[in-house]
1. Would you pick out the residues in segment 76-102 that are at pLDDT 90 or above and more than 22 Å from Arg32 (Cβ to Cβ)?
2. Can you tell me which residue within segment 1-28, out of those that are within 14 Å of the chain's Cα centre (by Cα) and among the polar types (S, T, N, Q), is farthest from Ser87 (Cα to Cα)?
3. Being in contact (Cβ under 8 Å) with a residue 12 or more places away in the chain and over 12 Å from the mean Cα position of the chain (by Cα) is the filter here, so list the residues in segment 70-80 that pass it.
4. Could you list, in sequence order, all residues of segment 72-82 that are surrounded by 12 or more Cβ atoms within 10 Å (Cβ to Cβ) and either of a type in the set (S, T, N, Q) or farther than 16 Å from Thr19 by Cα (or both)?
5. Check off (1) modelled with pLDDT of 90 or more; (2) closer than 20 Å to Leu100 by Cβ for Thr19 and give me the number that stays unchecked.
6. So which pairs qualify, if the first residue must be in segment 34-50 and in contact (Cβ under 8 Å) with a residue 40 or more places away in the chain and acidic (Asp, Glu), the second must be assigned to a loop (DSSP other than H, G, I, E, B) and surrounded by fewer than 17 Cβ atoms within 10 Å (Cβ to Cβ), the Cβ gap must be under 7 Å, and the two must be at least 6 apart or on different chains?
7. Name the pairs whose Cβ atoms lie under 6 Å apart, with the first residue in segment 88-99 and over 17 Å from Val67 (Cβ atoms) and of a type outside the set (A, V, I, L, M, F, W, C), the second in a helix (DSSP H, G or I) and modelled with pLDDT of 85 or more, and 6 or more positions between them or separate chains?
8. Within segment 30-65, how many residues turn out to be surrounded by 18 or more Cβ atoms within 10 Å (Cβ to Cβ), among the aliphatic types (A, V, I, L, M) and farther than 18 Å from Asp94 by Cβ?
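The values are calculated or read from the model by the stated rules, or taken from the named source; none is laboratory data. This one's a predicted model, so the numbers in the text were calculated from it and none came from an experiment. Neighbour counts run over all protein chains shown; Cβ positions are idealised from the backbone, glycine included.
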Amino acid sequence: MITLESDGQLHELINDNKTILLFSADWCPDCRMIEPVLPEIEEKFKDWSFVYVDRDKFIHICAKNDVFGIPSFLAFNQGEEVGRFVSKDAKTKDEIEKFLNNIAQ
């Protein structure tokens, strides 16, 4: 998982790759719940680059993308948003994989 460091890096990643943005925060218990399964999910969906976006550090990116709950996922392919799994609810491994399978088609 890539950790987002700058707005410029974000622009480069979403324009050049198939990218999944994971909006999260260290203090978020629902985010911590999915952490153990993320490496397995990344391994299963190798065509995608996974990017951790710290909600507190990049609140302006959250606002720009209407991400008001975490954990949330946005998918981009060559700069275009192709899917979103955005809500304030906890997410399970199965729900995340279903979302990724739907956008991978």
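1. Of everything in segment 76-102, those that are at pLDDT 90 or above and more than 22 Å from Arg32 (Cβ to Cβ) turn out to be Phe76, Asn77, Glu80, Glu81, Val82, Gly83, Asn101, Asn102.
2. To start, the set of residues in segment 1-28 that are within 14 Å of the chain's Cα centre (by Cα) comprises 1-4, 10, 13-14, 17-25.
After this cut, where a residue has to be among the polar types (S, T, N, Q) as well, the list is 3, 17, 19, 24.
Working: Thr3: 21, Asn17: 24, Thr19: 19, Ser24: 12 Å.
Here the answer is Asn17.
3. The initial filter retains those residues of segment 70-80 that are in contact (Cβ under 8 Å) with a residue 12 or more places away in the chain, namely 70-79.
Those that are in contact (Cβ under 8 Å) with a residue 12 or more places away in the chain and over 12 Å from the mean Cα position of the chain (by Cα): Asn77, Gln78, Gly79.
4. Selection gives Ser72, Asn77.
5. (1)
6. That search, which allows pairs on different chains as well, returns Glu42/Met1.
7. Qualifying pairs under 6 Å: Lys93/Val37.
8. Number satisfying all stated conditions: 3.
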